[in-house]
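Each remark here refers to the structure printed beneath this line.
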Amino acid sequence: MESDEDMHDANDVESLDDEFYSGEADDYYNSDNADDYEFVEDADADSDVFTARHHQQNYIILKEEDIRQRQEDDIIRVAGVLSIRRVAAIILLRHYNWSVSKVHDAWFADEDGVRKEVGLLERPVVVHPNLRELPCGICFESYPRDKIKSAACGHPFCSTCWAGYISTSINGGPGCLTLKCPDPSCGAAIDQDMINLFAPKEDKKKYSQYLLRSYIEDNRKTKWCPAPGCEYAVEYAAGSEGYDVSCQCSFNFCWNCTEEAHRPVDCNTVAQWIMKNSAESENMNWILANSKPCPKCKRPIEKNQGCMHMTCTPPCKFEFCWLCLGAWSDHGERTGGFYACNRYEAAKQEGAYDEAERRREMAKNSLERYTHYYERWASNQSSRQKALHDLHQLQTVHLDKLSDIQCQPESQLKFIIEAWQQIVECRRVLKWTYAYGYYLPELDHAKKQFFEYLQGEAESGLERLHQCAEKELHQFLSDENPSSNFNDFRTKLAGLTSVTRNYFENLVRALENGLSDVDAHGGCSRAASSKNGGSSKASKGGGRGKGTASTRAGSSRTDDASHWSCDHCTYANVKSATTCQICQHRR
C-alpha cells in the first residue's frame with residue numbers, strides 16, 4: 001500500500017485551476033479578491049516573460065543542484081535505515097521509482113525476496129578455487145587473477161571485456177541503470193562502483209546524468225519542464241487544485257498533459273485539437289473539397305484554369321469535362337461547348353451526382369469551418385508572442401525611458417506592466433477558446449450562441465486594452481517633456497485592464513462550467529439581446545459571483561456622488577462625463 005509520501009495520479013485531482021484568476025470557489029468571480037494575486041518578474045535576469053503566481057503556490061521549481069541534493073538525501077536515508085551500502089540503496093530506489101516508503105515497506109516485509117528481485121546478492125553464486133589464472137566469460141582468454149573482476153555473483157570477466165560491456169550499455173541509453181551481470185543466466189545487479197571502475201570519464205558523466213534524470217522521470221511527484229532546452233523540474237503537490245505551472249524559464253504548461261497551459265479548455269480537447277492540426281485528415285478534406293478524380297486513372301485533379309476541358313497528366317492524358325466527368329469527345333456545341341454542360345444539370349436533376357456532390361460539399365464546409373477556427377487560434381497565438389516581446393521591451397528599455405520623460409518613479413508605472421501581463425494571459429485564454437468553440441456541438445444552438453456572445457465580449461474588451469497599451473503608450477514614449485494627459489492615460493489603461501479581466505473571468509467561468517447557465521436559465525436568448533441592454537448582459541455574464549447582476553445592471557443607479565458606473569463595461573466615470581471613457585458608451 002502506498003504511503004502518504006506518494007502522490008496521487010494527476011488525473012485523480014479535481015481541476016479547479018486558479019493560477020491566474022482571483023477569488024474563492026464559492027465566489028470565484030468576486031473582483032474584490034483580485035488582490036489575492038500578484039505579478040512578479042522572473043528572477044532570471046535573462047527572462048523575457050512574466051509569471052503570475054498565487055500566494056498558495058501548489059508546486060516547487062527545482063534546479064539541478066536541488067534535484068541532486070534531494071536524490072542524495074534519499075540515498076543516504078535508505079542506506080542508513082537499511083544498513084546497506086550506498087550503491088545498493090541506489091539500486092533499490094531505482095527499482096521502486098525513487099519512493100523511499102516503498103523501499104522500506106518492501107524490504108521489511110521480505111528482505112530476501114527483494115534482494116533476489118533486484119539482484120542484490122549477499123554471497124557469490126560462483127566460488128573459484130585458489131587458481132593463478134581464470135578464464136574470462138566473454139572472450140574465453142585466461143588471465144591472472146588481478147586482471148579478472150567479478151560482480152557480487154562471482155562470474156569472472158577480464159577488465160577489457162568489462163570496459164567494453166559497460167561502455168556499450170551506457171552509450172545505449174538509460175537502460176544502463178538496470179545493468180546486470182554479463183552472464184546470461186545471472187541476474188546480479190551491476191552497481192555504480194563497477195561503473196566508476198571501468199567506464200571512461202565521458203561515460204561516467206552520461207551515467208550520472210541518466211541517474212539524475214531517472215529521479216525526475218520515474219518519480220510520480222515530479223516532471224521536467226517541457227520547454228525546449230529547459231533544465232528545470234517541477235514537484236507538484238498532491239491534491240492541488242490547479243494544473244497550470246509557471247516554470248522559471250518562463251514557460252507556462254499544464255501539469256496533467258505537459259502541453260502549453262490551456263485553461264479553461266480541458267486536456268482531452270487540447271489533445272484532439274493538436275492532433276487535428278497535425279493530421280493528414282485536413283489534407284484529405286482539401287483534396288475532396290478542391291479536386292475531382294480523373295474518370296480513367298482516379299488520380300485527384302485540381303482545376304486551375306477557367307474552362308471545363310480537363311486533361312489528366314501523363315501517362316493518362318485522358319480528356320474529360322470537369323462538370324460531368326464525361327469524355328470530352330462527347331462534348332461540343334450541342335452540349336454547351338467549353339463553358340457549360342447541360343448534361344451535368346440533367347444528370348444532377350436525376351440524382352446521378354447527388355452523393356458525390358454531397359460528400360464534396362460536406363468536405364468543403366468542414367474545411368472552411370476548421371479554417372475559420374484555426375486562423376483565429378493561430379492569430380491569437382501570434383499576437384501573444386508579439387505581446388510577450390513588447391512586454392520584455394517595456395521591462396528592459398521603455399519603462400526606464402518613460403520614467404525619465406514623465407518624471408515619475410518606475411514603481412508608479414507598474415500599471416503598464418500589469419496591463420501587458422493581462423494582455424498576454426488573455427491572448428492565451430482567447431486562443432484556446434477557439435479550440436473549445438470548434439468542438440462545441442453545432443446542433444446545440446443555445447450554448448453556441450451563449451459561448452459566442454461571451455467570447456465576443458471578451459475579445460472586444462481585449463482589443464480595446466491591447467490598442468490602448470500599444471498605440472497610446474507609444475505617444476508618451478515619443479514625448480520629450482512630461483505630458484499633462486499621462487494621468488488620464490493611467491486611469492484609462494488601469495480601467496481597461498480591470499474591465500478586460502472581468503470579461504475573461506466571465507468567459508473562463510462559463511467554459512469551466514460547461515456553459516451550464518444556458519441549461520439552468522435559458523440564457524441564450526437573454527445573452528443575445530443583452531447587446532442592447534446592460535441588465536440582460538449582467539444576468540448572462542457567466543455567473544460572476546454573489547450579487548453580480550445587481551452590481552452590474554444596476555450600477556448606474558448605485559453611483560456615489562462623484563462618479564457614475566457604465567452599464568456596458570462597469571467602469572467608474574467622473575460625474576461630468578457624458579460618455580464612458582473606456583468603451584464610449586453613452587450615459
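The values are calculated or read from the model by the stated rules, or taken from the named source; none is laboratory data. Fair warning: this is a prediction, and the values are worked out from it, not measured in the lab. Heads up, the Cβs are rebuilt from the backbone with ideal geometry, glycines too, and the neighbour counts pull from every protein chain shown. Keep in mind that these areas ignore ligands, DNA and RNA; they rest on the heavy atoms of the full protein, side chains included. Shrake-Rupley method; radii C 1.70, N 1.55, O 1.52, S 1.80 Å.
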Which one of Ser478, Ser460, Ser529, Ser484 is over 30 Å from Ile417 (Cα atoms) and either open to solvent by 30 Å² or more (accessible area, probe 1.4 Å) or modelled with pLDDT of 85 or more (or both)? Ser529
Does any residue in region 159-173 that is free of Cβ contacts under 8 Å to residues at least 24 places away in the same chain and under 18 Å from Pro184 (Cα atoms) come within less than 8 Å, Cβ to Cβ, of a residue that is open to solvent by less than 30 Å² (accessible area, probe 1.4 Å) and charged (D, E, K, R) six or more places away or on a different chain, and which pairs are these? none
For the structure I just gave you, tell me whether Ala419 is touching a residue at least 12 places away in the same chain (Cβ under 8 Å), closer than 30 Å to Leu323 by Cβ and open to solvent by less than 30 Å² (accessible area, probe 1.4 Å). no
State which residue pairs qualify: first residue over 12 Å from Ala419 (Cα atoms) and inside region 489-516, second residue in a helix (DSSP H, G or I) and of a type in the set (Ser, Thr, Tyr) in any location, beta carbons under 7 Å apart, and separation of 6 or more residues or different chains. Asn502/Ser31; Leu507/Thr433; Leu511/Thr433; Leu511/Tyr436
Would you mind stating whether Pro295 is surrounded by 16 or more Cβ atoms within 10 Å (Cβ to Cβ), at pLDDT 75 or above and farther than 30 Å from Val234 by Cα? yes
Quick check on this structure: which one of Tyr344, Tyr339 is over 48 Å from the mean Cα position of the chain (by Cα), modelled with pLDDT under 75 and assigned to a loop (DSSP other than H, G, I, E, B)? Tyr339
Looking only at region 68-118, which residues are under 13 Å from Leu211 (Cα atoms) and either touching a Gly at 6+ places or on another chain (Cβ under 6 Å) or outside any helix (DSSP H, G or I) (or both)? Asn97, Trp98
Got at least one residue in region 362-379 being hydrophobic (A, V, I, L, M, F, W, C), at positive phi and out of contact with any Ser or Thr (no Cβ under 8 Å at 6 or more places or on another chain)? no
Please work out which residue is most open to solvent (accessible area, probe 1.4 Å), limiting yourself to region 271-292 and to residues that are modelled with pLDDT of 80 or more and among the aliphatic types (A, V, I, L, M). Met275
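Quick test for you: out of Ser169, Ser83, Ser99, pick the one residue that is crowded, with 16+ Cβ neighbours inside 10 Å, among the small types (Gly, Ala, Ser) and over 20 Å from Met194 (Cβ atoms). Explain how you work it out, then say what you get.
On the way: Ser169 fails: over 20 Å from Met194 (Cβ atoms); Ser83 fails: crowded, with 16+ Cβ neighbours inside 10 Å.
That would be Ser99, the only listed residue that is crowded, with 16+ Cβ neighbours inside 10 Å, among the small types (Gly, Ala, Ser) and over 20 Å from Met194 (Cβ atoms).
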Tell me, please, whether a residue that is over 21 Å from Tyr374 (Cβ atoms), assigned to a helix (DSSP H, G or I), open to solvent by 20 Å² or more (accessible area, probe 1.4 Å) and of a type in the set (Asp, Glu) can be found in region 430-452. no
Answer yes or no as to whether Leu120 is surrounded by 17 or more Cβ atoms within 10 Å (Cβ to Cβ) and closer than 13 Å to Ala188 by Cβ. yes
Only one of His104, His128 is within 25 Å of Asp218 (Cβ to Cβ) and either touching a Lys or Arg at 6+ places or on another chain (Cβ under 7 Å) or open to solvent by less than 60 Å² (accessible area, probe 1.4 Å) (or both). Can you tell me which? His104
So the check is Cβ under 8 Å with 6+ separation or different chains; which pairs have a first residue in region 59-84 that's over 20 Å from Cys247 (Cβ atoms) and a second one that's in a helix (DSSP H, G or I) and open to solvent by 60 Å² or more (accessible area, probe 1.4 Å)? Ile75/Arg86; Ile76/Arg86; Ala79/Arg86
Only one of Glu259, Glu217 is open to solvent by 50 Å² or more (accessible area, probe 1.4 Å) and more than 16 Å from the chain's Cα centre (by Cα). Can you tell me which? Glu217
Quick check, is Leu388 out of contact with any His (no Cβ under 9 Å at 6 or more places or on another chain), assigned to a helix (DSSP H, G or I) and at pLDDT 80 or above? yes
Residues Gly164, Gly175: which one is within 26 Å of Leu121 (Cα to Cα) and open to solvent by 50 Å² or more (accessible area, probe 1.4 Å)? Gly175
Can you tell me which residue within region 370-398, out of those that are hydroxyl-bearing (Ser, Thr, Tyr) and more than 23 Å from Glu472 (Cα to Cα), is surrounded by the fewest Cβ atoms within 10 Å (Cβ to Cβ)? Thr371
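Yes/no per residue for (1) closer than 27 Å to Ile274 by Cα; (2) in contact with a Leu (Cβ under 7 Å, 6 or more places away or on another chain); (3) of a type outside the set (A, V, I, L, M):
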| position | (1), (2), (3) |
| --- | --- |
| Glu418 | no, no, yes |
| Tyr436 | yes, yes, yes |
| Glu457 | yes, no, yes |
| Leu462 | yes, yes, no |
| Pro482 | no, no, yes |
| Gly495 | no, no, yes |
| Asn513 | yes, no, yes |
In region 235-252, anything within 15 Å of the chain's Cα centre (by Cα) and either more than 27 Å from Gln385 (Cβ to Cβ) or modelled with pLDDT of 85 or more (or both) is listed as Asp244, Val245, Ser246, Cys247, Cys249, Phe251, Asn252
